[in-house]
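The values are calculated or read from the model by the stated rules, or taken from the named source; none is laboratory data. Just so it is clear, the model here is predicted, and its values are computed rather than measured. Note that each Cβ is placed from the backbone with ideal geometry, even for glycine, and that neighbours are counted across all protein chains shown. All accessible areas refer to the heavy atoms of the entire protein, side chains included, with ligands and DNA or RNA removed. Shrake-Rupley method; radii C 1.70, N 1.55, O 1.52, S 1.80 Å.
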Amino acid sequence: MDKRSSSTIMASSFLLFLFLFNFQLSLAETNLMQSVPDLQNSMYKVVDGDACVRLLNLSGEIGCSNPGREKVVAPIIRFRDANSLSRSSAVLLSLNEIQDFFIRVSTDSTFARNVGGVLVESKADFQNMSKGFSPAHTFPQAEFSPYKNTNYKWNPIRQRSYTTVVAEFDLVMQTVKAGTHDSESCLKEETCFPLGGYSVWSSLPPLNISSSDQGKPIILAVASMDSASFFRDKSLAVDALSHLEAIDGFNKQLVFLVFTGEAWGYLGSRRFLHELDLQSDAVKGLNTSLFEMIIEVGSVGKGFNEGVTSFHVHTTGVSSATNKTLDALNHAQDSLKSRNISISSAAASNPGIPPSSLMSFLNKNPITSGVVLEDFDTIFSNKFYHTNLNSSSIVAAASLLARTLYVLTSDTKDDSKSALASVNVNVSLVEQLMGCLLECEPGLSCELVKNFIAPSSTCPSHYVGVISDEPSSTPSPEYIGDVSRFVWNFLADKTSPPKGKTPVCSEDCSKKGGVCTRAEVDGKGICVFSTTRYVPAYSTRLSFESGTWNVLPPNSSDPMGMHDPVWTESNWNAIGLRVYTVQSAAYDRLVLLGGIAITGGAYLAIILTRAFVAKILKQD
């Protein structure tokens, strides 16, 4: 045997033994990983959640983004442990700590400079926060107010607002990469899309568009989709009224109107009124001259207190239509005495109606008659304004609204309790809607929603979203959010007469005045006779021409448009967050020294083994 080959074999065998020993230990610790993906999954934890993104308007930008084109990697530290930050870190905080975090960032420049990212836990007990939290201003969207006293504080509690685990943020915004820092420039460079979506309206009973007799006065029942009030009250009132057999004999036309984008400069209501001026297909069959009364449901989730559910009625002024509405509310209240529901007029000292979609109608026509039903009088009673919280007075508000609308539209003279006794809210539907549309469990995967649409996600989002394609009254489903699609299908189903439904949709459905519901579920759908339409909701300062968005100059005939910030959202390629554990620098140095020692020891072992083998061979 060759000396060199023999010594090499023995040395190699020794190293192989060391390797196999180390491998056996590692194998036991990694649970027999069989592929590279298994190894990656054991090293990295992908975090699911909602990302804060970059938003822009005509004057600048807000929101979140990586500072450049690369991912941000930062060690995670809890906010309560972050007395000082000496390096870029990802701060982990609960919802209860958001207020204190914002205060710290605004007052401690060193701390703010070293915040590489923020992680907010979603399971904190948000509703039990003693101080309350509201990101909205003391007078939300005061610039759109139809009255001059914009210093009034509707929202007085507004808040100014050995191993290491690291977070890797993949939040690269196209507007940051392209250097477009306002809406006009990013729309021109196509690095953003306008905020917007689709509002929905539906008439009860359905309109006969082909008929020349469209003279019935219209009662508009209004709610805002992105504040979730529709799901607490509006849909329940629709359901309660849709079962009435005498509905076709109503003296007035009832129209349910669900806006989206109201929290971003009243996008839904302003665009709706603009479409009415244009008499577009989205509002075909409606005429502003026939609008007799607008009833809007605002915040009604905190009305229950000590066994009594109290609501306040804010009015636009004194008119015969307003007086009739107040009488109808009192009539409805009397019929619900056993449920301890109380209503009262808002204080005369208020400067006007609270922030609401009704403001858009008043700016368009100052003599508009309307009321807003709220759970507060002079200031918000909900300490979590604009935070999508639950309600404890859902059934009471829905019952009051349904019976009020019945009195107004039927113009009944029957003072007996039997006339209103048939108008009842389906309590089980209340529970379903709460679970489906206000929570993530079961969320949009519930049977109620899946009976109408095929949702793209489980957790319902009431964020307005963006309009990425040409606005249309008949948009493709992929360009409409889950919530809007459900609202459209739900209203179309509830406002259609039972006898007008056919099991399968066909090309003749729309020609006969019908719409096709549930088409996403089985691909066939059900044709129902209903007047339910989508209305695009986006800024009136924008136009879509030749595949691009353009910002229009201010128009003095559109006073709200003069103050429109024109909100947009930055594009991105991907958004992701993952966390993983990294060893400390001291441990890395220890591993390096250990590796050097093992390498030196192995080399020495080879030399000694070779000398030993040579000596034995010489003796032989």
Residue match in region 298-312 (condition: under 16 Å from residue 222 (Cβ atoms), in a helix (DSSP H, G or I) and in contact with a helix residue (DSSP H, G or I) (Cβ under 7 Å, 6 or more places away or on another chain)): no
Within region 168-199, tally of residues that are within 22 Å of the chain's Cα centre (by Cα) and among the small types (Gly, Ala, Ser): 4
Residue among 456, 461, 473 that alone is over 18 Å from residue 491 (Cα atoms) and at pLDDT 85 or above: 456
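Within region 332-370, restricting attention to residues that are part of a strand (DSSP E or B) and touching a Phe, Trp or Tyr at 6+ places or on another chain (Cβ under 9 Å), which residue is surrounded by the most Cβ atoms within 10 Å (Cβ to Cβ)? Full working, then the answer.
Of all residues in region 332-370, those part of a strand (DSSP E or B) come to 341-345, 370.
Narrowing further to those that are touching a Phe, Trp or Tyr at 6+ places or on another chain (Cβ under 9 Å): 341-344, 370.
Details: 341: 23, 342: 15, 343: 19, 344: 12, 370: 26.
Only one residue tops the list, namely 370.
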Failed criterion for residue 409 (all others in (1) open to solvent by 10 Å² or more (accessible area, probe 1.4 Å); (2) modelled with pLDDT of 85 or more; (3) farther than 20 Å from residue 309 by Cα; (4) part of a helix (DSSP H, G or I) hold): (1)
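Out of 305, 350, 323, I need the residue that is closer than 20 Å to residue 254 by Cα and out of contact with any strand residue (DSSP E or B) (no Cβ under 6 Å at 6 or more places or on another chain). Which one? First the steps, then the outcome.
Numbers: 305 fails: closer than 20 Å to residue 254 by Cα; 350 fails: closer than 20 Å to residue 254 by Cα.
After ruling out the rest, the residue left standing is 323.
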Number of the exception - residue 489 against (1) surrounded by fewer than 14 Cβ atoms within 10 Å (Cβ to Cβ); (2) of a type in the set (S, T, N, Q); (3) modelled with pLDDT of 90 or more; (4) part of a helix (DSSP H, G or I): (1)
Region 563-620: number of residues that are at pLDDT 85 or above and within 30 Å of residue 57 (Cα to Cα): 9
Members of region 78-100 found to be surrounded by fewer than 18 Cβ atoms within 10 Å (Cβ to Cβ) and assigned to a strand (DSSP E or B), listed by number: 78
Subset of region 143-167 (residues that are open to solvent by less than 60 Å² (accessible area, probe 1.4 Å), outside any loop (DSSP other than H, G, I, E, B) and modelled with pLDDT of 75 or more): 144
Residues that are open to solvent by less than 10 Å² (accessible area, probe 1.4 Å) and in contact with a Pro (Cβ under 7 Å, 6 or more places away or on another chain), drawn from region 272-331: 282, 314
Some residue of region 280-291 being touching a helix residue (DSSP H, G or I) at 6+ places or on another chain (Cβ under 7 Å), at pLDDT below 95, assigned to a strand (DSSP E or B) and more than 24 Å from residue 195 (Cα to Cα): no
Residue that is least open to solvent (accessible area, probe 1.4 Å), among those in region 420-445 that are part of a loop (DSSP other than H, G, I, E, B) and touching a helix residue (DSSP H, G or I) at 6+ places or on another chain (Cβ under 7 Å): 423
Residue within region 116-139 that is open to solvent by less than 60 Å² (accessible area, probe 1.4 Å), at pLDDT 85 or above and not in a strand (DSSP E or B) present: no
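So, of the residues in region 494-545 that are assigned to a helix (DSSP H, G or I) and open to solvent by 70 Å² or more (accessible area, probe 1.4 Å), which turns out to be modelled with the highest pLDDT? I'd like the intermediate steps shown before the answer.
Taking region 494-545 and keeping what is assigned to a helix (DSSP H, G or I), we get 494, 498-500, 508-511, 519-522.
Right, trim to open to solvent by 70 Å² or more (accessible area, probe 1.4 Å) and you get 498-499, 508, 510-511, 521-522.
On the way: 498: 76, 499: 71, 508: 75, 510: 78, 511: 76, 521: 89, 522: 83.
Across region 494-545, the extreme among qualifying residues is 521.
So which residues in region 446-465 are open to solvent by 50 Å² or more (accessible area, probe 1.4 Å) and not in a loop (DSSP other than H, G, I, E, B), if there are any at all?
From region 446-465, those open to solvent by 50 Å² or more (accessible area, probe 1.4 Å) are 447, 450-451, 454, 456-459, 461, 463; that's our starting set.
Of everything in region 446-465, those that are open to solvent by 50 Å² or more (accessible area, probe 1.4 Å) and not in a loop (DSSP other than H, G, I, E, B) turn out to be 447, 450.
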Single residue of region 168-197 satisfying the filter (touching a Gly at 6+ places or on another chain (Cβ under 6 Å) and at pLDDT below 75) that is least open to solvent (accessible area, probe 1.4 Å): 169
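Restricting the search to region 44-61, which residues are at pLDDT 85 or above and aliphatic (A, V, I, L, M)?
Once the filter is applied, which keeps residues that are at pLDDT 85 or above and aliphatic (A, V, I, L, M), region 44-61 yields 55, 56, 58.
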